[in-house]
């Protein structure tokens, strides 16, 4: 879910970069030398996980997993998502330098929020509550990203407002699946390697 | 995964200092994003196309990337001519299409492709390894450069891990469909992939500590700025100024 080059006006692009710069500063400040390889490996894992196609009826969608990224990485989700989008821009030219700011912010801000919201439930020690809440925050953070993308497009001008609406509606079923996958992944991690969920706190 | 296939080449652009290429990709992308009139946007696309030709890239791979990018623009091209207010050009299925809408869709298409062409010419012609070094030389925060570099380093390895997880699942009879069972299985596969990444990250960090890692990203490749790089940098800056001036002069020619 990203906005292509050539659509947004200069003020929107600049605002996106400013917001992302703030998020990156916060994320990098919290990431000490010890965490760099781990964060990088998780970034790579999220990049690869986003290549998984999930069937929805006759069509399919690919996972974004930004909520799960926020739950595992906290503020480091900002540099992680920035890196993933930068690699996409350099490797496939999906998105480019000017939209990198706004696209990072739209994906990463809901991720960070999801991390904060899910944290107390993950610490509660009740597995069912932890899984259910991660699932809900996973779905909500994808919806929040879809909303931010739609909002950005709506701000780009009247011409794009109907596309904005379509994008938001198209992401409703995707959000439900993101929720199921996020909850399932958290349940699997709790069973197999609970340390992964503790590293953030 | 199609990756650095365009980086293997011997053209002038391939051998240009990656620092110069990064800066020019940035300057030209911003310039093109700022263009408001179609004539200058046409000129930018033509310039981008010439750059791609100059880099003598494999035609099929390059065309494939441009097609993939244009696939995303299809929605814009299909909707914007109808939703932009203005003077009606013609009606399609009794819905009015406006001149302003056509112009806006054309403008988005031109700008997006021009920027993609610039990125192919300047960024895809370098390996990620030299781009990471160039970013570090350009004083991008070291932690961010390291994150970029390490993520790239391990994407392939984790892709192979995912391949193994997929093989294991299909050997056990897993066939994806629209069902809760599929979603749960995919969730566990995602979880397994993340755990494998995390554990490998721990091992990589310990191995690096044993070799004295303290958070410093040592720069091993140093670039040499040749006179030729200076000429290319100057030409790029002149081109972006020319595009901006052209845009200023020709903005109001079409449809207004």
Open item on the list: What is the distance in Å between the Cα centroid of the stretch B:57-115 and that of the stretch B:5-47?
Closed with: 21 Å
- [ ] For helix B:99-122, report the angle its Cα long axis makes with the longest principal axis of the Cα atoms of chain B; keep it between 0 and 90° and round to the nearest 10°.
- [x] 40 degrees
TODO: Determine the relative contact order of chain B: mean sequence separation of Cα pairs under 8 Å and six or more apart, normalised by residue count, in whole percent.
DONE: 34 percent
Task: Gaussian network model of chain B, Cα within-10 Å springs - most flexible of B:130, B:221, B:94 - done: B:94
Task: Mean-position separation - Cα centroids, the stretch B:226-247 and the stretch A:19-97, in angstrom - done: 34 Å
Task: Using alpha-carbon coordinates, inclination of helix A:127-155 to the longest axis of chain A, degrees - done: 10 degrees
Task: Ranking of B:133, B:181 by count of other Cβ atoms within 10 Å, fewest first - done: B:181, B:133
- [ ] Find the percent of Cα-Cα distances in chain B that exceed 24 Å, and round it to a whole number.
- [x] 64 percent
Open item on the list: Given all pairs of different Cα atoms, what value in angstroms does the Kirkwood hydrodynamic radius of the protein assembly as shown take?
Closed with: 23.1 Å
Open item on the list: Can you give me the Kirkwood hydrodynamic radius for the stretch B:139-210, using every pair of distinct Cα atoms, in Å to one decimal?
Closed with: 14.2 Å
TODO: Relative to the longest principal axis of the C-alpha atoms of chain A, give the angle of the C-alpha long axis of helix A:35-49, reported between 0 and 90° and rounded to the nearest 10°.
DONE: 70 degrees
TODO: Can you figure out the FRET efficiency of residue B:216 with residue B:244, using R₀ = 41 Å and their beta-carbon distance, to the nearest 0.05?
DONE: 0.55
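Laboratory data are not the source of any read-out in this text; all were calculated from the coordinates shown. Keep in mind that this is a model prediction, so the values were computed, not measured. Neighbour counts are summed over all protein chains in view; Cβ atoms, including those assigned to glycine, are modelled from backbone coordinates with ideal geometry.
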